[in-house]
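Asks: Take this structure first; my questions come after.
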Amino acid sequence: MNDVILVTPPDILYNKTKNLLLVNPNEDIKAAVSDVILQAKNHCNLYLYDHDDSIYIDWLLTVHKFADLAIIDLDNIPNDVRPLQSYFISHPYTYYYSKEENFIFSKISKNRIFDKQNIETIIGVLFE
């Protein structure tokens, strides 16, 4: 049996569990993540940042720093977080989603998410 703990700002858990961060995910990303983590046999802290203001920017930076895996939906990211996009994407454990074709972030990182199957594969590796 797995335990998934949903953590939202301003809370932080200090345990030895895998940490997954979702930043403003769309419904497809939420569904794909849910499918994978509910079938996994491991425990997981699922951190969810789904805000439209900058009140929790410090929380977001802190959680991103210790996350084992971060998924960011760049199409839904709020304006206050946009200046941090390249910082997040520069980390090897951060994956990003965007519908844009000519996308500059592909020069910084190849960790782009294209579809639900891609998300399932990425998260599945975290729980192996």
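Asks: If I take every Cα pair under 8 Å that is 6 or more residues apart in the chain, average their sequence separation and divide by the length, what percent do I get for the relative contact order?
Replies: Working: 197 pairs, mean separation 37.4, N = 128.
Taking the mean separation of contacting Cα pairs over the length of the chain, I get 29 percent.
Asks: If we count every other residue with Cβ under 13 angstrom of Asn45's Cβ, Lys/Arg +1 and Asp/Glu -1, where does the sum land?
Replies: My count for the surroundings of Asn45 gives -1.
Asks: So what is the calculated 222 nm ellipticity per residue for the chain, using -39500 (n - 2.57) for each DSSP H run with n of 4 or more, over all residues, to the nearest 500 deg cm²/dmol?
Replies: Values: 4 runs with 39 residues, N = 128.
The helix contribution divided over the chain gives -9000 deg cm²/dmol.
Where a number appears in this text, it was derived from the coordinates with a stated rule and is not lab data. Keep in mind that this is a model prediction, so the values were computed, not measured. When we count neighbours, we look across all protein chains shown, and the Cβ atoms used for this are built from the backbone with ideal geometry, even at glycine.
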